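Remarks on the structure that follows.
The values are calculated or read from the model by the stated rules, or taken from the named source; none is laboratory data. Please read these numbers as outputs of a predicted model, since none were measured by experiment. In this analysis, Cβ positions are derived from the backbone assuming ideal geometry, glycine residues included, and neighbour counts consider all displayed protein chains. Accessible surface is based on the protein model in full, side chains and every heavy atom, while ligands, DNA and RNA are left aside. Shrake-Rupley method; radii C 1.70, N 1.55, O 1.52, S 1.80 Å.
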Amino acid sequence: MASITANHPISGKPLISFRPKNPLLQTQTLFNFKPSISKHSNSSFSIPVVRCSIRRRPEYTPSHIPDPNYVRIFDTTLRDGEQSPGATMTTKEKLDVARQLAKLGVDIIEAGFPASSEADLEAVKLIAKEVGNGVYEEGYVPVICGLARCNKKDIDKAWEAVKYAKKPRIHTFIATSEIHMNYKLKMSRDQVVEKARSMVAYARSIGCEDVEFSPEDAGRSDPEFLYHILGEVIKAGATTLNIPDTVGYTVPEEFGQLIAKIKANTPGVEDVIISTHCQNDLGLSTANTLAGACAGARQLEVTINGIGERAGNASLEEVVMALKCRGEQVLGGLYTGINTQHILMSSKMVEEYSGLHVQPHKAIVGANAFAHESGIHQDGMLKHKDTYEIISPEDIGLNRANESGIVLGKLSGRHALQAKMLELGYEIEGKELDDLFWRFKSVAEKKKKITDDDLVALMSDEVFQPQFVWQLQNVQVTSGSLGLSTATVKLIDADGREHISCSVGTGPVDAAYKAVDLIVKVPVTLLEYSMNAVTQGIDAIASTRVLIRGENGHTSTHAVTGETIHRTFSGTGADMDIVISSVRAYVGALNKMMSFRKLMAKNNKPESSAVV
């Protein structure tokens, strides 16, 4: 079988070639690029030096990118990422994340699935109005996108939400694999083509000039059918064609071939942008995404921390840093407009708001990503950092501990705390700084040494919290082996009134939670409870995460399957006392749920856009 070659759109020279042989045996032929590596030599051998240049972001046109090497980053953390179990965010949290994505420099923000619920519609609308009308560095304005299935109701909802942005986009999709068409849609190929064509045309007819189309499960679809349906939606007005590997089935060589074949065989493809959306079921999402980019895709769909359905999505930080670190050498000079120094803060924000903890060995943003414990590695690092680090931690917004010489204690002031938090990648000021400062002082009075991990835990607990309906004031517990545990809890409501309740339970946490329930009077089910020590030692701060679901709770529609989902709400807490940490997490989850209910009540008014 002949090899497939994708050529540079200007020079016509081969950028990438694929051969249908075992990639494990033919790794030399998987990617063939013109080399772009600078070298320096002070001995008999040469060492390649990574050079990460920053280039100006090209002007945005929906169906065209002036610079053939520029790759658009499409972030779907707020849509696909939020489909992770327990990752529900409030409207305020979604708005905070959208603002952070704009700081990061994301080209397109998929803000949600407006037809799934009124709350999601209002959240997308608010993001479109606020973030979608902001002007950032060098005049950059993010595109705000809403997802819609191929039906008029969904498309109308999506347009209702995103039309307020300066650059609105509708992203519509329908499945194209045989298994999906036969068993899920129960539609013929002709019916699927007509539905896709007519709905893309409808999205254009209502005023949206930027329409993305996705053939769901493209990775398992018949390529010939893909060429046909993609050609039809291009005629109907699609400006971006997204090729999703919905179930993470393909391998990099295979997915790269698929993109190259689509570019070679789809009529009208030269007038649109090709995009990738790779799931991580086999752990290949980042590799598949990069293979797609090398084959000609110029939009890459990703999420912060790789969160998403099942095993998650391609990780923004991995894809972006791979392009930054190796783009010039082996990836054909591809680059993005991402300001990588905001990566760490974005990761921490999504981790706290979603309640999905980042594993310590996660690439780029994991706690161990820049840690060196092996003696051999430490020796090399002391002699030259590049011996064991291909990326500088400062590139993602992480400054190494103690480089500033700041050691925090009970006598430290606000300025020192602010400088230390900036060193850790957190830019805070105003009320957020004040709130964090008093929590820090409280801990510093009890603990001699305040570590970076302690500060991060306090930051998460104090700053990344929903607007309060109830605020924890005091907790007092009695427990032991001689009788039932008892707890007294004092909460303050939004009007400043104090509420006190006592209860008994099988343990101090159970008793405290029951006391909270007596005050709040909202029946919930505790689905998950976990606790971790932030640092070593008996005086470590305890970090707690809970997941709750309200009885008769709100439901929403799953974007892909269409099934009804019962919303869950997560909460986190941190304190040196494990009971207080636990109660803070529980009250935080309750605040999320009750704020969400208030939003739903306000949404009965047509123009409601409450922030919770």
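Tabulated data for the structure shown
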quantity	calculated
Unique residue being open to solvent by less than 20 Å² (accessible area, probe 1.4 Å) and either among the aromatic types (Phe, Trp, Tyr) or modelled with pLDDT of 90 or more (or both) when the list is 559, 540, 487	487
Looking only at the stretch 456-484, and only at residues there that are of a type in the set (Gly, Ala, Ser) and closer than 17 Å to residue 582 by Cβ, the one that is most open to solvent (accessible area, probe 1.4 Å)	479
Flag for residue 111 being assigned to a strand (DSSP E or B) and small (Gly, Ala, Ser)	yes
Search result, residues across the stretch 240-257 that are within 26 Å of the chain's Cα centre (by Cα), more than 18 Å from residue 281 (Cα to Cα) and open to solvent by 10 Å² or more (accessible area, probe 1.4 Å)	none
Selection from the stretch 265-279 of residues that are surrounded by fewer than 21 Cβ atoms within 10 Å (Cβ to Cβ) and closer than 20 Å to residue 247 by Cβ	none
Residue within the stretch 199-220 that is under 16 Å from residue 269 (Cα atoms), more than 30 Å from the chain's Cα centre (by Cα) and either in a helix (DSSP H, G or I) or outside the structural domain of residue 298 (by the TED database) (or both) present	no
The stretch 127-181, residues that are polar (S, T, N, Q), in a helix (DSSP H, G or I) and open to solvent by less than 10 Å² (accessible area, probe 1.4 Å)	none
Candidate set: the stretch 422-455, residues that are without any contact (Cβ under 8 Å) to a residue 12 or more places away in the chain and among the small types (Gly, Ala, Ser); chosen: the one surrounded by the most Cβ atoms within 10 Å (Cβ to Cβ)	442
Qualifying positions in the stretch 246-265 - more than 16 Å from residue 298 (Cα to Cα) and either assigned to a loop (DSSP other than H, G, I, E, B) or charged (D, E, K, R) (or both)	246, 247, 248, 249, 250, 251, 253, 254
